[in-house]
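The values are calculated or read from the model by the stated rules, or taken from the named source; none is laboratory data. Given the structure is predicted, the values throughout are model-derived calculations rather than measurements. Cβ atoms come from the backbone with ideal geometry, glycine included; neighbour counts cover every protein chain shown.
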Amino acid sequence: MASAEYQRAWRAKNKAVVSARNKAAREKEKARPDYLERCKARNFKHYWSNPDKSRARATANYRKNRNWYLEKQHGLARGDYNRILGRQGGVCALCVCESERPLQIDHDHATGQVRGLLCHKCNKALGLVKDSHVVLARAVAYVWPNPDRVPGEQYYEEAF
């Protein structure tokens, strides 16, 4: 048996040993102080050796991963996102602004049902108040103009 064939057969029979050795080698490599710099240099060189191919691969991976995410996380088929976006007129459902970034999917965390598409800021705001309509009503009462308000007083009880 030739050396290459023997090695291939040994590796196939001893996958756990090979995996452990490879993992130990990776960890040893990551411990080197210049590891990040060498990775950046390798990636930079690889990207610029053929930038069109790298961009095409990145775009294809983004589309593939995006479709998988939409289906797995939100149960949306391939065209559902675009249909929702068309119904909203291509703008955020809350602030009605056009976003440079793709709009994010807003869903009810209790039921998982998709409510619409939001810009990053609106989605973050809803997440910070944990989708609580009580907190949002208090926020509306707080920012509503009231010249008689004394700073620090209970302003939100009037809203309920």
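A few points about this structure:
- Only residues that are surrounded by fewer than 15 Cβ atoms within 10 Å (Cβ to Cβ) and either in contact with a Phe, Trp or Tyr (Cβ under 6 Å, 6 or more places away or on another chain) or not in a loop (DSSP other than H, G, I, E, B) (or both) were counted across region 106-134, and they come to 8.
- Criterion violated by Arg32 - all others in (1) assigned to a helix (DSSP H, G or I); (2) more than 23 Å from Gln113 (Cα to Cα) satisfied: (1)
- Every test in (1) of a type outside the set (S, T, N, Q); (2) at pLDDT 90 or above; (3) loosely packed, with under 11 Cβ neighbours inside 10 Å; (4) not in a helix (DSSP H, G or I) is passed by Leu76 save one, and that test is (3).
- Scanning region 146-155 turns up no residue that is in a helix (DSSP H, G or I) and surrounded by 12 or more Cβ atoms within 10 Å (Cβ to Cβ).
- Arg66, sole failed condition from (1) among the basic types (Lys, Arg); (2) exposed (fewer than 12 other Cβ atoms within 10 Å of the Cβ); (3) at pLDDT below 95: (2)
Quick grid of which residues meet (1) out of contact with any helix residue (DSSP H, G or I) (no Cβ under 9 Å at 6 or more places or on another chain); (2) over 24 Å from Arg66 (Cα atoms); (3) of a type in the set (A, V, I, L, M, F, W, C):
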{"position": "Gly89", "(1), (2), (3)": "yes, no, no"}
{"position": "Leu103", "(1), (2), (3)": "no, no, yes"}
{"position": "His109", "(1), (2), (3)": "yes, no, no"}
{"position": "His120", "(1), (2), (3)": "yes, no, no"}
{"position": "Val129", "(1), (2), (3)": "no, yes, yes"}
{"position": "Leu136", "(1), (2), (3)": "no, yes, yes"}
{"position": "Pro145", "(1), (2), (3)": "yes, yes, no"}
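- Boolean, Ser49 is hydroxyl-bearing (Ser, Thr, Tyr), exposed (fewer than 11 other Cβ atoms within 10 Å of the Cβ) and over 25 Å from Lys130 (Cα atoms): yes
- Count of residues meeting criterion [surrounded by 11 or more Cβ atoms within 10 Å (Cβ to Cβ), more than 34 Å from the chain's Cα centre (by Cα) and in a helix (DSSP H, G or I)] in region 1-29: 6
- Gln104 under 30 Å from Tyr47 (Cβ atoms) and touching a residue at least 12 places away in the same chain (Cβ under 8 Å): yes
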